[in-house]
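Undergrad: Have a look at the structure that comes next, please.
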Amino acid sequence: MCIKTGTMKSTDIYSPGFYPYSTLDKLREALNNAEAIIIGAGAGLSVSAGFTYKGERFDKYFHDFAEKYDFHDMYSGGFYPYKTLEEHWAYWSRYIYINRYMTAPKPVYDNLYKLVKGRDYFVLTTNVDHCFQKAGFDKHRLFYTQGDYGLFQCSEPCHHETYENMDLICRMIEAQGYAVDGDGLLILPEGRTPKMTVPSELIPHCPKCGKPMMMNLRTDRTFVEDAGWHQASDRYFNFLSSHQDMKTVFLEAAVGYNTPSIVKYSFWRMTHEWKNAVYACLNYGEAYAPEEIQKKSICINGDIGVILDKLVLDNV
């Protein structure tokens, strides 16, 4: 099958909290009747949950870096060529802590879990912030394709293992003057100015070759697909092979076009090929379905947090 990506269909964009009854009802009915639900999640899901990378959150935790280097969002700061590893890890330790170890401020993931709890589901995601597991999703039903903020790897890489980083990240942020409160939030005690470096002894180095460690994030060919990654991949593809004849909903949740081949294009293809599949696309301004699968598709434009909240409330 050749999907023609230029021929699309979308619903209108509706004001927050208002969607056509027939559209939401169609989605609710598809989910209720499904024997399997396969979720494909993108960055927009975490943005809706409050994990924004600019604005108030950025200003709160990175105002000193912004003033010094004149960048205005976390992504730009993550790619900035700091002169020392001490400064590089001061920035990244804050970045990792607030986006991996803090809980998202809005219950978007919790609501998504309520829709699939007790059901036969699997999650394919390009997100790296661990929000699914924090919301209660079974880790054996998750495939994080692009890595995890909570893991280090060798920058070479000289071997294909990854290492959990929570303890070291906490030591780095504490060395800068930050503290963690009883709710796990990163706070700066009153009257304290944060340091913009970490002690040299806290810089992570590879236990095999001694070279600097880096985040386990897919940015180039150095990305390590460790044993856990391959096990998750096998579980995902085994799930697909064992459910292709069942009533299945491919629920695409706030997926953009940065890496469309991972979730979006694969969901389109399988919806077309699987006789009993339904494709549901929830997206703010980009809820589309190709011409070939329009009759098997449900597209709703809007904030996915609002959509999920409406679905959960209607199920109570």
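We did not get these values from a lab; they are worked out from the coordinates using the rules stated. This is a predicted model, so every value here is computed, not measured. Cβ placement follows ideal geometry from the backbone for every residue including glycine, while neighbour counts extend to all protein chains displayed.
Undergrad: Between Val278 and residues 5 or more places away or on another chain, which pairs have amide H atoms under 5 Å apart, with H built 1.01 Å from N, and which residues are they?
TA: Thr248, Val249, Phe250
Undergrad: For the range 213-299, what does the equivalent ellipsoid look like in terms of its semi-axes, each the square root of 5 times an eigenvalue of the Cα gyration tensor, given largest first in whole Å?
TA: Taking √(5λ) for each Cα gyration eigenvalue gives 27, 18, 9 Å.
Undergrad: Related question: Can you tell me what the convex hull of the Cα atoms of the range 51-151 projects to on average, as an area in nm²?
TA: Averaged projected area of the range 51-151's Cα convex hull equals 7.0 nm².
Undergrad: Per-residue HN-Hα couplings for the range 107-123, Karplus 6.51 cos²θ - 1.76 cosθ + 1.60 at θ = phi - 60°, whole Hz, x for Gly and Pro?
TA: For the range 107-123, the Karplus-derived couplings read x, 5, 5, 4, 5, 5, 5, 4, 6, 10, 4, x, 9, 8, 10, 8, 10 Hz, x marking Gly and Pro.
Undergrad: Here's something else I'd like to know. What nm value, rounded to one decimal, do you get for the distance between Asp183 and Glu35 when each label is placed 7 Å out toward the C-beta?
TA: Roughly 4.5 nm, to one decimal.
Undergrad: Which of the peptides 249-260, 287-298 is most tightly packed, and how do the rest follow, going by the mean number of other Cβ atoms within 10 Å of each residue?
TA: Descending mean neighbour count gives 249-260, 287-298.
Undergrad: Now a separate question. Determine ³J(HN,Hα), in whole Hz, for all residues of the range 83-88 in sequence, where each value follows from phi through the Karplus function 6.51 cos²θ - 1.76 cosθ + 1.60 and θ = phi - 60°; x replaces Gly and Pro.
TA: 6, 10, 5, 4, 7, 3
Undergrad: Hey, what angle do you get for helix 166-175 against the long axis of the chain, alpha-carbon based, 0 to 90 degrees rounded to 10?
TA: Around 50 degrees separate the two axes.
Undergrad: A follow-up question, please. Using only the Cα atoms of the chain, what are the Rg and Dmax in Å?
TA: 20.9, 63
Undergrad: Between the range 66-112 and the range 159-194, how many Å separate their Cα centres?
TA: 12
Undergrad: So what is the relative contact order for the chain, in percent, with contacts set as C-alpha pairs under 8 Å and at least six apart?
TA: 29
Undergrad: Given the range 262-316, report the % of alpha carbon pairs whose separation exceeds 15 Å.
TA: Value for the range 262-316: 51 percent of Cα pairs lie more than 15 Å apart.
Undergrad: If you don't mind, there's one more thing I want to ask. Using a cut-off of 13 Å between beta-carbons, work out the net charge of the residues near Cys158 (Lys and Arg +1, Asp and Glu -1, Cys158 not included).
TA: Local charge sum for Cys158: 0.
Undergrad: OK, next. On the Cα set of the range 128-280, report Rg and Dmax in Å, please.
TA: Expressed in Å, the Cα Rg and Dmax of the range 128-280 come to 19.8, 63.
Undergrad: Oh, and also: If you restrict to DSSP beta bridges whose two residues both lie in the chain, what percentage is antiparallel, to the nearest 5?
TA: 35
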